[in-house]
Amino acid sequence: MTAPAQLICADCAGKPPVFVCEKCGRQDQPYGVRRCASCVLSERLHVLLLDPRTGEIHERLRPVFDALVGSHRPQNAITWLQRPPGHGPTLLRQMASGEVNISHDTFARRPMDRAHNYLRDLLVALEVLEPYEPLIERIGPWLIDRVAGISAMHRQTIDQFARWVILRRLRTAADQGRLTKAMAEGARQRLNRSIDLLAWLEHKQTTILEVTQHRLELYLSTQVMSMSMMLHPFITWINRTGINNRISVKNPNPSQAHVTMGDADRWRHIGTLLRFSRQRLALPRRNPRPSDSHREHPRPACRTRHPTPPSPACSHVWPLS
């Protein structure tokens, strides 16, 4: 006897089939009138992933074909192929035809939007591309767009700072298994604050090479207190590399806990708490609530609960003090 949750074909159930794919004979996942979704997807992927040099599916992209055709719902893959603007399928076609390389460098030259990130993660999951750290790799394209509004000299300064300080620290953390999303966001914030400083200097018609300590402190005085902490790595690197050794920012070390109470005072407070536990505490009385007559909307009458009478077996009333 067949289990209720098991799917069987119409022939096994003794019923005439409602749909039969004219190509593969499947009776499920209809897509149109005559073919199933798997056959439609297979034909479209053959065209998309065709290698013109061999006339077959590109050898390196064969895992993509197998994974999409063999998915549980091939209709989703068909929707992805035909959904505009189609950046992912377009890039797959360019990879198959040899217009672009099948590598991480191809994605590094493109916007880090959702479509390209999805395709890149898919190729990594299918082992078409080697594993990578997305939290680090996505900083590069973001930084290119972020520095578009500053001068070429300052863009080069930010690029060197990001490469030799920010990204190096992130890669070290990744190698040690300590990289988190919060660390990557903190790195972007440091780059953001550094770019804001350079943009402010250009607005004042000066550069990072010429800025003085007085003007730097004037800028910091107009910012929030955390700005010094964000700018400390950048200014320290500027000073250490000799780009401008006349400016510096103090490192706002986090405050350390200080012992403000000795053992004698601590035991005295413990003794006070123990005595209070044996005495009735004189708590301040709460202000009486306004009567219902003064309320704009009087509180509706509610049923009160009568207190439970004491148990006959208990004949003692223990004082609180």
Within the group E185, E202, which residue is within 19 Å of R146 (Cβ to Cβ) and within 17 Å of the chain's Cα centre (by Cα)?
E185
Single residue of the stretch 148-179 satisfying the filter (within 18 Å of the chain's Cα centre (by Cα) and of a type in the set (G, A, S)) that is surrounded by the most Cβ atoms within 10 Å (Cβ to Cβ):
A173
Give the residues of the stretch 221-254 that are part of a loop (DSSP other than H, G, I, E, B) and open to solvent by 60 Å² or more (accessible area, probe 1.4 Å), sorted by residue number.
T222, Q223, V224, M225, T241, N245, R246, S248, K250, N251, N253, P254
Pair list, Cβ under 8 Å, 6 or more apart: the stretch 215-239 residue farther than 20 Å from W164 by Cβ, other residue in a helix (DSSP H, G or I) and not hydrophobic (A, V, I, L, M, F, W, C):
L220/S228; M227/R193
Any chance A182 is open to solvent by less than 30 Å² (accessible area, probe 1.4 Å), assigned to a helix (DSSP H, G or I) and not β-branched (V, I, T):
no
Taking the stretch 221-242 and the residues there that are more than 28 Å from the chain's Cα centre (by Cα) and of a type in the set (G, A, S), the one that is farthest from L170 (Cα to Cα) would be S221
Does the stretch 118-132 include one or more residues that are crowded, with 17+ Cβ neighbours inside 10 Å and either of a type outside the set (A, V, I, L, M) or in contact with a strand residue (DSSP E or B) (Cβ under 9 Å, 6 or more places away or on another chain) (or both)?
yes
What helices (runs of 4 or more DSSP H) completely inside the stretch 4-86 contain at least 1 residues that are farther than 17 Å from Y118 by Cβ and modelled with pLDDT of 90 or more?
37-48, 62-69, 74-82
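The values are calculated or read from the model by the stated rules, or taken from the named source; none is laboratory data. Nothing here was measured: the structure is a model prediction, and the numbers come from that model. Counting neighbours? That spans all protein chains shown, and the Cβs are built from the backbone with ideal geometry, glycine included. Surface accessibility is based on the protein's heavy atoms, side chains included, excluding ligands, DNA and RNA. Shrake-Rupley method; radii C 1.70, N 1.55, O 1.52, S 1.80 Å.
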